[in-house]
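Worksheet: one structure, shown below.
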Amino acid sequence: MKRLLTVSIAVLMVMALAVSASAAGIIYIITPSTSNPFFGTEQRVGAAKAKALGYEPKCFSHDDDAATQLQLFEAAISDGAVAIICDNAGADASIEAVRKAVEAKIPVFLIDREINESGLAIAQIVADNAQGAAAIAEKWVEAMDYKGKYAELLGLESDTNCWVRSQNYHSVIDEYPDFEMVAQQSANWSQTEGYSKTEAILQAHPEITGIICGNDTMACGAAQACVDAGRTDIKIIGLDGSDDAASYIAKGQMVGTALQQIARITEISVEQADAYVKDGTKPASEKQLVPCVAITKDNVAKLSQFVYTE
């Protein structure tokens with residue numbers, strides 16, 4: 001009898017622990033496609049942090065489709081989520097989904113990309129893309145010896161980051177009169193498109209000696225296209241801080257990248273969601289900038305999985 005009572009108490013304790021583990025609630029983590037390791041990091045780090053704080057994370061991808069994103073937000077509402085962490089599908093196109101969650105009293109914490117409306121999300125936590133783009137552009141103009149013809153691969157043109165990065169690349173490059181941009185095309189953040197667009201640009205403009213890219217995924221596609229074409233003279237930069245880019249940089253096939261500290265940004269978003277869910281604490285500012293780190297061959301060994309170690 002005593003043994004049965006002991007077992008029963010143990011079972012009840014396990015059940016209580018299970019209930020308490022999920023009592024904090026569900027946090028939805030919604031990102032673009034995890035085929036891009038940058039977004040995969042958001043889900044991996046976000047889920048780990050949410051679990052550590054006692055939540056049940058549910059991870060989904062909207063694949064940069066606003067309609068899919070809206071459906072996922074509606075699923076979060078139906079699921080009774082206590083918070084949503086989202087790397088959104090467009091600065092304007094995402095406003096409806098965020099507003100719908102807020103109206104359902106589910107707080108939204110945006111990471112990586114902002115929306116074009118303030119006062120809806122509790123937080124919009126992004127890398128300082130302006131600072132990061134300018135920092136790596138400085139390294140690129142130096143590698144180019146302050147002159148030459150070049151091409152630019154833009155990201156998804158509906159994405160605010162696309163233009164913030166491009167404008168701040170040019171804020172540095174355009175200061176030097178001996179540069180000439182001969183091609184500018186969108187490769188939609190895609191490595192496949194980065195490769196194919198670079199192939200076409202090399203054929204149309206064999207005189208170029210540089211390519212600036214809005215993210216590392218496109219930059220890796222561009223770098224591989226240049227390697228395959230035997231064009232080891234072309235200086236390439238990206239922006240993200242991916243391990244794939246680090247590999248090209250270490251081999252001298254890219255000049256560099258600007259690390260967006262997305263692992264830390266994601267952790268911050270979950271920490272702020274936890275504070276808000278528990279006692280309504282809001283961050284001091286809705287819009288928050290996390291500085292980027294310029295990565296070149298000199299310091300690339302310190303980069304791994306979007307984390308820079310001094």
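The values are calculated or read from the model by the stated rules, or taken from the named source; none is laboratory data. Remember, it's a predicted structure, so these values are computed and weren't measured experimentally. We place every Cβ from the backbone using ideal geometry, glycine too, and count neighbours over all the protein chains shown. Only protein heavy atoms, including side chains, enter the accessible area calculation; ligands, DNA and RNA are left aside. Shrake-Rupley method; radii C 1.70, N 1.55, O 1.52, S 1.80 Å.
Report D for the chain in µm² per second (integer): Stokes-Einstein, Kirkwood Rh on Cα pairs, 10 °C, 1.306 mPa s.
This corresponds to a translational diffusion coefficient of 77 µm²/s.
For segment 55-133, what does the relative contact order come out to in percent, with C-alpha contacts under 8 Å and a separation of six or more?
25 percent
Using +1 on the beta carbon of Lys and Arg, -1 on that of Asp and Glu, and nothing else charged, what's the dipole of the chain about the Cα centre, debye to 20?
1400 debye
With a 1.4 Å probe and all protein chains left in place, how much accessible area per residue does segment 129-259 have, in Å²?
Accessible area per residue, segment 129-259: 38 Å².
Cα centroids of segment 30-83 and segment 280-309: how far apart, whole angstrom?
21 Å
Given a Förster distance of 35 Å, report the FRET efficiency between residue 147 and residue 247 from their Cβ-Cβ distance, rounded to the nearest 0.05.
After rounding, the FRET efficiency stands at 0.80.
Can you tell me the order of 176-184, 81-89, 230-238, 64-72 when each peptide is scored by its average per-residue count of other Cβ atoms within 10 angstrom, highest first?
81-89, 230-238, 64-72, 176-184
Select from 171, 24, 123 the residue farthest towards the positive end of the dipole of the chain; place +1 on Cβ of Lys and Arg, -1 on Cβ of Asp and Glu, and compute about the Cα centre.
Of the candidates, 24 comes out farthest on the positive side.
What is the sum of charges around residue 117, taking Lys and Arg as +1, Asp and Glu as -1, for the other residues whose C-beta is under 11 Å from the C-beta of residue 117?
Counting the neighbours of residue 117, the net charge comes to -3.
Would any residue of segment 232-265 have its amide N under 11 Å from a label point 7 Å out along Cα→Cβ of residue 48? List them or say none.
So the set is 263-264.
If you roll a 1.4 Å probe over segment 170-310 with all protein chains in place, what percent of the accessible area is carbon or sulfur?
Reported share for carbon and sulfur atoms: 47 percent.
For a quick protection proxy, order the peptides 116-123, 260-267, 154-161 by their average other-Cβ count within 10 Å, most packed first.
Ranking, from highest mean packing down: 260-267, 154-161, 116-123.
Quote to one decimal, in nm, the extra length available between residue 287 and residue 96 on full extension: 0.36 nm per residue of separation minus the C-alpha distance between them.
Using 0.36 nm per residue and subtracting the Cα-Cα distance, I get 66.9 nm.
Relative contact order for the chain: what percent, with Cα pairs under 8 Å and sequence separation of 6 or more?
RCO, the chain: 17 percent.
What is the set of long-range amide H partners of residue 179 at a cut-off below 5 Å, with H atoms built 1.01 Å from backbone N?
148
In degrees, nearest 10, range 0 to 90: what is the angle between the Cα axis of helix 216-228 and the longest Cα principal axis of the chain?
Tilt relative to the chain: about 40 degrees.
Less than 15 Å Cβ to Cβ from residue 305, Lys/Arg counted +1 and Asp/Glu -1: what total charge do the surrounding residues give?
-2
Rg (Å, one decimal) plus Dmax (Å, integer) for the alpha carbons of segment 125-239?
When restricted to Cα atoms, segment 125-239 yields Rg and Dmax of 12.8, 40 Å.
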